[in-house]
Amino acid sequence: MTPRRRPLAVVVSSLGKLPLGGHTVFVVHHIVGLQELGYDVHYVERMSSPGEAYDPRTSEMTDDPAYALEFVSDTLRRHGIAKDRWTFVDLAGKYHGAPRRALERAADRADFVLNVTDPVWLDELGRCDRRAYIDGDPMFTQVAMENNEGARGHAPVHYPVLFTYGVRTGKKDCTIPSGGREWLPARPVVATALWRASPPPASAPVAALLHWRAGGEVKWRGRIYGHKDRQFMQFADLPKRVPAWRFVVAAGGGKVPKAELEAAGWELESPLEISRTAWRYSAFVHASAADLGVAKDAYVTSRGGWFSDRSTSFLAAGRPVLHQDTGFTEWLPPGPGVLPFSTLDELVERVRELSYDYPYHARGARAVAEEHFEARTVLGGMLEAAGYR
């Protein structure tokens with residue numbers, strides 16, 4: 001009797017173009033979640049513009065796909081995906097891994113195509129009618145669509161189903177526009193099987209890992225929506241307010257005010273070193289006592305309900321999360337493991353709560369990861385919402 005073939009999911013993302021630890025883990029969580037749901041995965045990536053691939057060996061953006069190809073191959077192999085089940089299209093239009101015809105065959109038999117936050121399009125994907133796009137950068141994506149600007153303004157039109165981390169889009173007090181489309185709510189996922197929950201080292205710090213300014217600001221209906229540089233400094237005095245704790249910040253991108261942060265008591269670390277590999281990223285998470293999640297200004301002021309994908313890794317590792325409120329408390333109730341804040345005074349009080357009973361919050365963190373962010377559960381629900389299961 002011939003064994004029945006497992007259903008196939010085509011996953012589109014940006015592992016090779018952005019081969020940094022946190023992003024790698026983010027994409028892998030989706031792949032593993034689909035595998036746990038019983039799907040085989042054919043992975044797809046495309047370079048669409050010059051200087052799009054980051055090479056950590058030179059710390060430069062490049063057109064050369066060599067490092068990206070090696071990274072994609074090695075990462076996917078570790079998760080059971082051989083070279084005949086991934087396709088990488090370089091800037092010159094050359095197909096690497098599985099050739100173009102193999103991608104066409106994969107799209108022909110795929111149950112669905114799932115684009116994980118990379119605004120790209122390949123005509124081969126159109127051979128599958130069931131296509132969904134996950135927007136991980138709410139407000140920026142929708143404004144680009146409204147203005148018909150750039151890749152993120154154009155790529156989503158090819159996907160009949162759109163998900164967004166801006167889960168409150170459409171609510172009266174949420175300012176995220178629709179971009180002329182319907183958006184289904186999504187949340188970041190974590191494959192908890194990839195993480196061990198263990199006690200942190202003695203004197204482990206509260207850690208903030210962030211991109212200070214990830215690109216330009218956007219304007220919508222007379223209001224400017226920006227990045228974390230617009231939010232972080234209001235919390236800069238935290239180490240002075242809670243001297244019993246160590247506080248580490250690893251901030252990259254933009255003009256980070258390092259001298260001001262050090263003067264306020266922050267220990268500075270290199271975000272590129274922490275994120276150089278998935279293993280270094282994991283080590284950073286496990287060496288921390290808690291995650292400090294300061295959100296982009298656009299996420300906070302739009303009241304979109306965004307929650308950090310990085311924070312889900314901390315939760316899975318049994319690390320409590322201090323997370324700036326974006327409206328997410330509407331769908332994720334505050335409790336052990338997740339401590340929301342809006343002001344410096346509230347943040348100080350949340351850190352003190354950790355001091356009162358850290359083990360309680362550490363246990364709660366892992367429980368939150370399993371209940372609210374488990375990849376197979378969340379992705380299964382999203383596929384059902386899309387009508388794909």
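Just a few scattered comments:
- Residue ID - nearest to Ser14 (Cα to Cα), chosen from residues in the range 70-89 that are surrounded by 12 or more Cβ atoms within 10 Å (Cβ to Cβ) and of a type in the set (Gly, Ala, Ser): Ser73
- Residue ID - surrounded by the fewest Cβ atoms within 10 Å (Cβ to Cβ), chosen from residues in the range 119-157 that are within 19 Å of Ala298 (Cα to Cα) and of a type in the set (Asp, Glu): Glu149
One line per residue, one yes/no per condition, for (1) at negative phi; (2) in the same structural domain as Val294 (by TED's automatic domain parsing); (3) buried (at least 21 other Cβ atoms within 10 Å of the Cβ):
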| position | (1), (2), (3) |
| --- | --- |
| Ile176 | yes, no, yes |
| Trp183 | yes, no, yes |
| Leu209 | yes, yes, yes |
| Gly216 | yes, yes, no |
| Gly222 | no, yes, no |
| His227 | yes, yes, yes |
| Arg241 | yes, yes, no |
| Trp245 | yes, yes, no |
| Leu261 | yes, yes, no |
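- Here no strands (runs of 3 or more DSSP E) wholly within the range 1-111 include at least 1 residues being assigned by TED's automatic domain parsing to the domain that holds Ala317 and of a type in the set (S, T, N, Q).
- Top-ranked residue in the range 1-50 [being among the polar types (S, T, N, Q) and more than 17 Å from Gly381 (Cα to Cα); ranked as modelled with the lowest pLDDT]: Thr2
- Considering the range 248-270, the residues that are part of a loop (DSSP other than H, G, I, E, B) and aliphatic (A, V, I, L, M) include one that is modelled with the highest pLDDT, namely Ala264.
The values are calculated or read from the model by the stated rules, or taken from the named source; none is laboratory data. Computed from a predicted model, the values in this text were never measured in an experiment. No Cβ is skipped: glycine too gets one built from the backbone with ideal geometry, and neighbour counts run over all protein chains shown.
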